[in-house]
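I'd like to ask some things about the structure below.
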Amino acid sequence: MPIHEEVRKISTGYRILAFFITFSGLLALASALLYGMDEELSIGFLLMFIVPTLLIYIFGLITFTGYPPKVLLWTLEKK
C-alpha cells in the first residue's frame, strides 16, 4: 500500500521546520567532512558523519515530499 494512503500530508509549518533542520544537517555534514580531512579516522568522526546524514535523509524527505519516510511508519502502529 502506498504511503500516501496510510498517512496524511505534513503541514507547511512543520515542513519549514524540516527544511531548517535539513539545512543545518547539510552544514554539519560539510563541517564534519572538512574536519575529517585533517584528522585521523575515529569513532567521533563516524558519528559526526552518520548523524547529519540520517537527519538529512529523514527531514529532506519530509521537506520535499510532505510525507515521512517509510522507516518511520512503525510510530503510527495502533496499540
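Condition first: of a type in the set (Ser, Thr, Tyr), free of Cβ contacts under 8 Å to residues at least 60 places away in the same chain and either in contact with a Cys (Cβ under 9 Å, 6 or more places away or on another chain) or within 28 Å of Arg8 (Cβ to Cβ) (or both). Now tell me which residues in region 32-71 satisfy that.
Once the filter is applied, which keeps residues that are of a type in the set (Ser, Thr, Tyr), free of Cβ contacts under 8 Å to residues at least 60 places away in the same chain and either in contact with a Cys (Cβ under 9 Å, 6 or more places away or on another chain) or within 28 Å of Arg8 (Cβ to Cβ) (or both), region 32-71 yields Thr53, Tyr57, Thr63, Thr65.
Condition check ((1) more than 22 Å from Lys70 (Cα to Cα); (2) among the aliphatic types (A, V, I, L, M); (3) out of contact with any His (no Cβ under 8 Å at 6 or more places or on another chain); (4) at pLDDT 85 or above) across all residues:
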{"position": "Glu6", "(1), (2), (3), (4)": "no, no, yes, no"}
{"position": "Phe19", "(1), (2), (3), (4)": "no, no, yes, yes"}
{"position": "Leu27", "(1), (2), (3), (4)": "yes, yes, yes, yes"}
{"position": "Leu41", "(1), (2), (3), (4)": "yes, yes, yes, no"}
{"position": "Gly44", "(1), (2), (3), (4)": "yes, no, yes, no"}
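Would you mind stating whether Tyr14 is in contact with a helix residue (DSSP H, G or I) (Cβ under 8 Å, 6 or more places away or on another chain), in a helix (DSSP H, G or I) and not charged (D, E, K, R)?
yes
Here is a follow-up. When you scan region 48-55, do you find a residue that is at pLDDT below 90 and surrounded by 11 or more Cβ atoms within 10 Å (Cβ to Cβ), even just one?
The answer is yes, given that some residue of region 48-55 is at pLDDT below 90 and surrounded by 11 or more Cβ atoms within 10 Å (Cβ to Cβ).
The values are calculated or read from the model by the stated rules, or taken from the named source; none is laboratory data. These numbers come from a predicted model, not from an experiment. Virtual Cβ from ideal backbone geometry, glycine too; neighbours counted across all protein chains shown.
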